[in-house]
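**Q** I'd like to ask you about the structure that follows.
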Amino acid sequence: MKVRIGLVGKPNVGKSTFFSAATLAQVDIANYPFCTIDPNVGVAFVQARQPCPCQALRARLEGEGRLEPASADDPRQGSLCEPRTGTCVNHRRSVPVALVDVAGLVPGASEGRGRGNAFLADLANCDVLIQVVDAAGTTDEEGQFLGAGSSAEEAVERVRAEVTFLQDELDAWIGGLLAEGWNRGVRRVQAEGEKGLTSFVHERLSGLGATPTKVAQAMANFRDLAPTNQQPWDWDSAVLRTLGQSLRKQLFPIVYAANKADIAPPTVIDAFPELTMIPCMADMELALRRASGSGLIRYRPGDASFEIPASASLSEAQSKALDHMQQRLASLGGTGLAGLMDRVLFAELDHIVVYPVADETHWVDGDGRVLPDAFVVPRGLHAKALAARVHTDLGEGFIRGVDGRTKRVVGADHELSDSDVLKIHAKT
Ligand SMILES: Nc1nc2c(ncn2[C@@H]2O[C@H](COP(=O)(O)OP(=O)(O)O)[C@@H](O)[C@H]2O)c(=O)[nH]1
Ligand SMILES: [Mg+2]
C-alpha cells in the first residue's frame, strides 16, 4: 500500500518535466511492481522529517563503547541502517512514494472527452494530487503557448482558471456518480436515516478511494457548509454540488506546484492564500539532478545551492550557465520540488514514517539487516494495522508489539508516532 501521488494539470505546464526530475533516481524496478506496468508511474523519494532511528542506534552503540564514531570521510556520514529501498545519509532517510504523470486533463474529461475515463481511472487510484500550474501564465486553457511577457494580473487570472477548471471537473465527476443513484440513496435515507445516506455515498464512491472515515468527515463538513432542514430528496442541485465539493476535498486533496517560477511574476503565489501553493522550477530540478548524476556538480534535492567539485573542468559557457542557475536557485531557496513533496506527504496527508523490526534491541530483521524497512503510514495508525501492512499473517496473528525505543509492550490499538521502531509479536 504505497502512497500514490497524481501529477495533474493542463498540457504544457511541466508535468512530465516534474515527473522526470522527481523520479530520476535509479531504482531496482523489481522492488516496485507498480512501475513496470505503466511508464507514467515512477518512484520518487521523499526525505523523512525525523532522523532515521539509526542515529539513536549509533549513539547507543557508541555510548556502550561498541562502535567507533563515524570517520570524517564516511560517505554515509554515520548512517548505520541498511534500507531495502531508498537511502540514508547522515541519518536522513528517504522513503519511496509512487508518482503518476496523469495526462489528459481537458474540458469535459468527466463526460468522457479526451482520455476521459482513462484519465479518471488514473486519478481514482491516487491518494492526493499535485496540480502543476503555469505560474508564468505563458499558456492558454488548452496549453497553447501564448509567448512570454504576460503581466502579473494576467498570470493570476490564468492560474485561477486552471485551479477552478480541475476542481470543476472533479466536482462534475463526483456529482455525476452521486446523481446516478440518488433515488436509491433517498430511499435508503427514508429507511435508515443519516446512516443510510452515508453508506450509500460510500458505496457510490468506493471506486474513488472513499473510506467510511473520509465520507463521514465530508458529510460533517457539508452539514456545516450547507445547513438545511430539507430532507435529502428535496435537495436541489446547489446543495448537491456543495456535497460533491465536500467529498472532493476529502477524496482528492490538492497541493499546487506553481511551476515556471523562474519566469513567473513573484506576486502570483500571494494571490492564492487559501491554497497550498509552492513555487517550483521543474526544469531546473531536472537539469541539476542530471548534472549531479553525471558528476558535474554536487547537488542534493532540496538544497538551495550546489557545489562544483574543484576537479571539474568546465567550459566558459558551462561555468556561466551554472552561475546563472546558482543565482536562480538561491533567489527561490531551492527548486521547490523537494519541499512540495514533503508538504504533500507529511502535512497534507499527515503521514509518518515507522520502522518495523524483528528484534527490539538490535533493530534488525530476521536476517540481521539493520532497520531495513521504513513504512509511510497515516499518523496514529494502530500497531496491529501496521502489522497487517507488513504481512497479512502478522496482522491476523498479532499478539502484542514492543516499542523499540522505550521497550514498552504495546497493544493492538496502540497509536504509532513518527519515527517509531516497532517489534511485532504474532502467532505463527
Ligand atoms: N521556464 C520554465 N519552463 C519549464 C519549467 N518546467 C517545464 N518547463 C517547460 O515547459 C514545457 C512543457 O513541459 P512538459 O513537462 O512537457 O509539460 P506537460 O505537458 O505538462 O507534461 C517544456 O518546454 C518544459 O521545458 C520551469 O520550471 N520553468
Ligand atoms: Mg506531459
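Rule-based calculations on the coordinates, nothing more; no lab input. It should be emphasised that the depicted structure is a prediction, and the values quoted were computed from it without experimental measurement. Cβ sites come from the backbone with ideal geometry, for glycine too, and all protein chains shown count toward neighbours.
**Q** Taking 0.36 nm per residue of separation and subtracting the Cα-Cα distance, what length does fully extending residue 418 through residue 231 add?
**A** Full-extension gain reported as 63.0 nm.
**Q** Right, another one. Over segment 162-218, calculate the relative contact order: mean separation of alpha carbon pairs under 8 Å at least 6 apart, over the residue count, as a percent.
**A** 27
**Q** Pop out the ³J(HN,Hα) list for segment 87-93 in order, Karplus 6.51 cos²θ - 1.76 cosθ + 1.60 with θ = phi - 60°, rounded to Hz; leave Gly and Pro as x.
**A** For segment 87-93, the Karplus-derived couplings read 9, 8, 10, 6, 6, 9, 8 Hz, x marking Gly and Pro.
**Q** Collect residues whose amide H, placed 1.01 Å from N in the peptide plane, falls under 5 Å from the amide H of residue 46; neighbours closer than 5 in sequence don't count.
**A** 95, 97
**Q** Consider a paramagnetic label point 7 Å from the Cα of residue 142 along Cα→Cβ; state which residues of segment 89-125 have an amide N under 19 Å from it.
**A** Answer for this model: 103-116.
**Q** At residue 408 and residue 121, where each label point lies 7 Å from the Cα along Cα→Cβ, what is the point-to-point distance in nanometres?
**A** Distance between the two pseudo-spin positions: 4.8 nm.
**Q** Net charge around residue 384, counting only other residues with Cβ within less than 12 Å of its Cβ (Lys, Arg = +1; Asp, Glu = -1)?
**A** Taking every other residue near residue 384 into account, the sum is -1.
**Q** Please check the chain for the longest run free of GluC sites (Glu not before Pro) that are loop-located per DSSP (anything but H, G, I, E, B) and have at most 13 other Cβ atoms within 10 Å.
**A** That gives 275-428 as the longest site-free run.
**Q** If the viscosity is 1.567 mPa s and the temperature 4 °C, what Stokes-Einstein diffusion coefficient in µm²/s follows for segment 173-248 when Rh is the Kirkwood radius over Cα pairs?
**A** Diffusion coefficient, whole number: 106 µm²/s.
**Q** Taking amide H positions as placed 1.01 Å from N in the peptide plane, with prolines and chain starts having none, which residues 5 or more places from residue 7, or on another chain, fall under 5 Å of its amide H?
**A** Residues meeting the criterion, in which the H sits 1.01 Å from N, are 100, 101, 102, 130.
**Q** Run the count for the chain, please: Lys pairs, Cα-Cα under 16 angstrom, 8 or more apart or on different chains.
**A** Taking the Cα cut-off of 16 Å, the pair count is 7.
**Q** Let me ask you something else. Between residue 168 and residue 332, take the C-beta separation as r, use R0 = 30 Å, and let me know the FRET efficiency to the nearest 0.05.
**A** Numbers: r = 30 Å, r/R0 = 1.01.
The value I calculate is 0.50.
**Q** Now for a different question. More than 32 angstrom separation, counting every C-alpha pair in the chain; what % is that?
**A** 47
**Q** Roughly how many nanometres apart are two label points built 7 Å out from the Cα toward the Cβ at residue 89 and residue 182?
**A** Inter-label distance under the simple model: 5.6 nm.
**Q** If you restrict to DSSP beta bridges whose two residues both lie in the chain, what percentage is antiparallel, to the nearest 5?
**A** 55
**Q** Applying 1/(1 + (r/R0)^6) with R0 = 35 Å to the Cβ-Cβ distance of residue 61 and residue 317, what FRET efficiency is obtained, to the nearest 0.05?
**A** E between residue 61 and residue 317, to the nearest 0.05, is 0.10.
**Q** Based on the Kirkwood radius over alpha-carbon pairs, what is the Stokes-Einstein translational diffusion coefficient of segment 360-426 at 25 °C with 0.890 mPa s viscosity, in µm²/s?
**A** Estimated diffusion coefficient is 206 µm²/s.
**Q** Additional query: Compute the signed sum of charges (Lys and Arg +1, Asp and Glu -1) over the other residues within less than 11 Å, Cβ to Cβ, of residue 127.
**A** +2
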